[in-house]
Amino acid sequence: MPSRTRRSVLYMPASNLRAMEKAGSLAADALIFDLEDSVAPEAKIAARATLSAAMAAGGFGNRERIIRINGLDTPWGSDDLAAALAMAPDAILVPKVSTAADVAKATKLAGDIPLWVMIETPLAILNLKEIAAAGHSLRCFVLGCNDLLKDSRMTSRAALLPALTLAVFAARSFGLDCLDGVYNDYRDDAGFVVECQEGVTLGMDGKTLIHPAQIAACNRIFSPSESQTLWARKVVAAFAAPENKAKGVIALDGKMVERLHLAMAERLLAVAP
């Protein structure tokens, strides 16, 4: 069963103290404080100090707090990681992970703090199984679709669907969550809804976001519907009945229901709001 709901995961520039101070009022399930792509090179050192102040002030409620560092092979990565460890976030997000060795290195350096990793290079797609199995502290894949498109020279999300599917399979095989990539046009509500629905179909646990305006729709689409929740409760109740406790398959509302459906129902209820 999942320990956290990760429907909506909002990126926030670590250089923007005002935005981070407002984060406690947002309905996002998790916040990624970003030291990497959203922070210019000349602002990265200052962003660390700004983020440290925001983390010390708190006010984020029960939301997961994740810090995305710069790559460990960049001039800022090692200092980012040291600063992040001192802030004691809920997880550290490591970008540009392409091999199991990348995960092993980050795992060793991060100690007891859980890791999330960006899946955003063609080599990462080829190494998904090994990456997923590489770290005992690894918790989540985060898809970087923009980088995958750039590096693969593909021109549409549709071309990425096989890679996204493989990422979900690898994550599921090793007990990890898998988050869909961002939707760039935060003013295109209709397009965003379509992509969220596609993410649900693919089996994603949620979606990374670039703007607070995307949170409400994301939470709604990645939450079980009322009819799904009702079905799940009926399945759980039916298998809990004394006459069914030892059965592997039962009849419910004219359909044959197996224990695999019970497991699906229990998970659905675990992530329901």
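The values are calculated or read from the model by the stated rules, or taken from the named source; none is laboratory data. Computed from a predicted structure; not experimentally measured. We place every Cβ from the backbone using ideal geometry, glycine too, and count neighbours over all the protein chains shown. Ligands, DNA and RNA are stripped out before the accessible areas are found, and what is left, the full protein with its side chains, is counted by its heavy atoms. Shrake-Rupley method; radii C 1.70, N 1.55, O 1.52, S 1.80 Å.
Of the residues Gln228, Gln214, the single one that is open to solvent by less than 40 Å² (accessible area, probe 1.4 Å) and touching a residue at least 40 places away in the same chain (Cβ under 8 Å) is Gln214.
Out of all the residues in the stretch 158-179, is one or more part of a strand (DSSP E or B), small (Gly, Ala, Ser) and at pLDDT 95 or above? No: zero hits. Listed conditions (1) under 23 Å from Leu85 (Cβ atoms); (2) touching a Leu at 6+ places or on another chain (Cβ under 8 Å) are all met by His136, apart from (2). Among the residues of the stretch 26-59, count how many are open to solvent by 30 Å² or more (accessible area, probe 1.4 Å) and under 20 Å from the mean Cα position of the chain (by Cα). Total satisfying the criteria: 4. The residues of the stretch 211-261 that are within 14 Å of Ala272 (Cα to Cα) and in contact with a helix residue (DSSP H, G or I) (Cβ under 8 Å, 6 or more places away or on another chain), listed by number, are Cys218, Ile221, Phe222, Ser223, Pro224, Gln228, Thr229, Trp231, Ala232, Arg233. Scanning the stretch 1-15 for residues that are open to solvent by 30 Å² or more (accessible area, probe 1.4 Å) and out of contact with any Pro (no Cβ under 8 Å at 6 or more places or on another chain) turns up Met1, Pro2, Ser3, Arg4, Arg7, Tyr11, Pro13, Ser15. The test for being part of a strand (DSSP E or B) and in contact (Cβ under 8 Å) with a residue 12 or more places away in the chain holds for Leu31.
Taken as a whole, the condition of being in contact with a Cys (Cβ under 7 Å, 6 or more places away or on another chain), open to solvent by 30 Å² or more (accessible area, probe 1.4 Å) and of a type outside the set (Ser, Thr, Tyr) does not apply to Arg18.
Annotation note: of Leu262, Leu252, the sole residue that is more than 23 Å from Trp116 (Cα to Cα), surrounded by 12 or more Cβ atoms within 10 Å (Cβ to Cβ), in contact with a Lys or Arg (Cβ under 7 Å, 6 or more places away or on another chain) and among the hydrophobic types (A, V, I, L, M, F, W, C) is Leu252. Among residues that are more than 28 Å from Ala134 (Cβ to Cβ), without any contact (Cβ under 8 Å) to a residue 24 or more places away in the chain, of a type in the set (Gly, Ala, Ser) and part of a helix (DSSP H, G or I), Ala190 is included. The condition of being surrounded by fewer than 19 Cβ atoms within 10 Å (Cβ to Cβ) and among the aromatic types (Phe, Trp, Tyr) holds for only one of Phe141, Phe174, that being Phe174. Of these, Val193, Val236, Val200, Val182, which one is open to solvent by less than 70 Å² (accessible area, probe 1.4 Å), at pLDDT below 95 and among the aliphatic types (A, V, I, L, M)? Of the residues listed, the single one that is open to solvent by less than 70 Å² (accessible area, probe 1.4 Å), at pLDDT below 95 and among the aliphatic types (A, V, I, L, M) is Val236.
Restricting Gly206, Gly181 to those that are within 21 Å of Asp34 (Cβ to Cβ), small (Gly, Ala, Ser) and in contact with a helix residue (DSSP H, G or I) (Cβ under 6 Å, 6 or more places away or on another chain) reduces the list to Gly181.
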